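Working notes, beginning with the structure itself.
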Amino acid sequence: MGEPRRALDGVVDGAQADTRTGTVIAPERDGSPTRRWVRYLMPVMVEVDCDVDRVRRVVTLPEEIRADRDDVGHFCVYDERFVRHPDDAQPQVHAFCVARPQWGHHLRVGPPANWSKTPQWEEGFDIEVDDTYARIHPYAHLEH
């Protein structure tokens, strides 16, 4: 993440004047919006016709979406430059809470109610448009 920065006097004074106990979170803002990418996994079922060796259908299962974790169990959260950040620090925790899928019923049916509708979902990043992702994508430089 970077070196700790000295908090502004106004932030410190405000925190000291607060009588509540606990952690004080002083946001670091440069005026630009804070964006985070929270990575999820969604199963895909592929129906294969074995008689003719052909894929017949591809079906996504949004009701089985789950948060992606690395090999030691930490959630995968990235900043706007796609740099991985610890999942237990702000604003990663905030992004994880906002992105958490929620369904309107006890049984999961369809995509999460708090996410955009599935026709608005993108299938992969467009390397031509998302130049931030293109800079870190391992295959962006290869011809299609």
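Here, each number is a calculation from the coordinates, and none is a lab measurement. Quick caveat: nothing in here was measured; it's all calculated off a predicted structure. Every residue, glycine among them, receives a Cβ derived from its backbone with ideal geometry; neighbour counts consider all protein chains shown.
Taking the Cα centre of segment 76-128 as origin, work out the dipole magnitude from +1 charges on Lys and Arg Cβ and -1 charges on Asp and Glu Cβ, in debye rounded to 20.
Working: 5 positive and 8 negative charges, 72 e Å.
For segment 76-128, the charge dipole is close to 340 debye.
If you bin every alpha carbon distance in segment 36-144 into 10 Å steps from zero, what whole percent lands in each bin?
Histogramming segment 36-144 at 10 Å steps yields 12, 32, 37, 16, 3, 0 percent.
What is segment 54-115 by shape, rounded, prolate or oblate, if you read a ≥ b ≥ c off the alpha carbon gyration tensor as root eigenvalues and call it rounded for a/c under 1.5, prolate for a/b larger than b/c, and oblate otherwise? The partial results should precede the final answer.
Numbers: a/c = 2.42, a/b = 1.50, b/c = 1.62.
Because a/c hits 1.5 or more and a/b fails to exceed b/c, segment 54-115 counts as oblate.
Less than 11 Å Cβ to Cβ from R35, Lys/Arg counted +1 and Asp/Glu -1: what total charge do the surrounding residues give? Show your work: numbers first, answer last.
Values: positive: R36, R81; negative: D79, E80.
Taking every other residue near R35 into account, the sum is 0.
Give a residue-ordered list of calculated ³J(HN,Hα) values for segment 34-43 (Karplus: 6.51 cos²θ - 1.76 cosθ + 1.60, θ = phi - 60°; whole Hz; x for Gly, Pro).
8, 10, 9, 9, 9, 8, 10, 10, 9, x
Students often check this: by mean Cβ neighbours within 10 Å, which of 43-50, 129-136 ranks highest, and how do the rest follow? The partial results should precede the final answer.
Values: 43-50: 9.6, 129-136: 12.4.
For the peptides 43-50, 129-136, the packing ranking is 129-136, 43-50.
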